[in-house]
Amino acid sequence: MTEKELSPTLAWAKLPVTRIPRVGIAVIVFRDSSCTSILLHKRLGHHSPNTWAFMGGHLEFNESWEDCALRELKEEAGEDLQVLRPWFVDAKNVIFPEENKHYVTLFMVTHRTSGEPKIMEPDKCAEIGWFDTNNLPSPLMSGCQMLKDDNFFERARQHAEWLDLMRLGL
């Protein structure tokens, strides 16, 4: 069967994977309900190396956004770090032209309830830690930078109760 004979719904499957946007989940972990400190890790590897980023990764087939956020957090920061069930706060169209990658990134927020993070994937993470939202390290991975440019962290600090209302669906 030629490409012209393929139905339009199947034709997209012949594109290289890098031409299809992926769904990414980024987990914004506040150290506590004051929303003044967040968890970041310094990335290693081929995708945005040497940038500071939230924990996160790809949404898997049949996985909820919340479950993906919890899975990625556990994989990257360990089981000792306990958090509230994450909730959705934002979405961004994130394009990495130098890597020929395109993501629709869903940003999920949570608060730590106990424990501390530790590096679980030393081949992907050089450092991990809590950072004051007024003094973030650089460079930030593009999605993190977009939220910073949108004053997300400032709004979260000034209106921490707003985040809790979002969590409750109010």
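The values are calculated or read from the model by the stated rules, or taken from the named source; none is laboratory data. Fair warning: this is a prediction, and the values are worked out from it, not measured in the lab. Ideal geometry is used to build each Cβ from the backbone, glycine not excepted, and the neighbour counts take in all protein chains shown. Surface areas here come from the heavy atoms of the whole protein model, side chains and all, with no ligands, DNA or RNA. Shrake-Rupley method; radii C 1.70, N 1.55, O 1.52, S 1.80 Å.
Results, tabulated for the structure shown:
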item	result
Residues of region 119-134 satisfying the condition of being under 17 Å from the mean Cα position of the chain (by Cα), part of a loop (DSSP other than H, G, I, E, B) and over 13 Å from Ile28 (Cα atoms)	Ile119, Met120, Glu121, Lys124
Close pairs (8 angstrom Cβ cut-off, 6 or more residues apart or separate chains): at negative phi and open to solvent by 40 Å² or more (accessible area, probe 1.4 Å) in region 115-131, part of a loop (DSSP other than H, G, I, E, B) and among the small types (Gly, Ala, Ser) anywhere	Lys118/Gly78; Met120/Gly78; Asp123/Gly45; Lys124/Gly45
So Ser142, is it of a type in the set (Ser, Thr, Tyr), in contact (Cβ under 8 Å) with a residue 40 or more places away in the chain, open to solvent by 70 Å² or more (accessible area, probe 1.4 Å) and out of contact with any helix residue (DSSP H, G or I) (no Cβ under 8 Å at 6 or more places or on another chain)	no
Thr36 vs. criteria under 22 Å from Glu127 (Cβ atoms) and modelled with pLDDT under 95	yes
Residue in region 53-73 that is touching a residue at least 60 places away in the same chain (Cβ under 8 Å), touching a Lys or Arg at 6+ places or on another chain (Cβ under 7 Å) and within 29 Å of Gln158 (Cβ to Cβ) present	yes
Count - residues of region 60-70 that are open to solvent by 50 Å² or more (accessible area, probe 1.4 Å) and either of a type in the set (Val, Ile, Thr) or under 12 Å from the mean Cα position of the chain (by Cα) (or both)	3
Any hit, region 74-84, residues being open to solvent by less than 80 Å² (accessible area, probe 1.4 Å) and part of a strand (DSSP E or B)	yes
Single residue of Asn134, Asn100 found to be more than 18 Å from Trp52 (Cα to Cα), open to solvent by 50 Å² or more (accessible area, probe 1.4 Å) and in contact (Cβ under 8 Å) with a residue 60 or more places away in the chain	Asn100
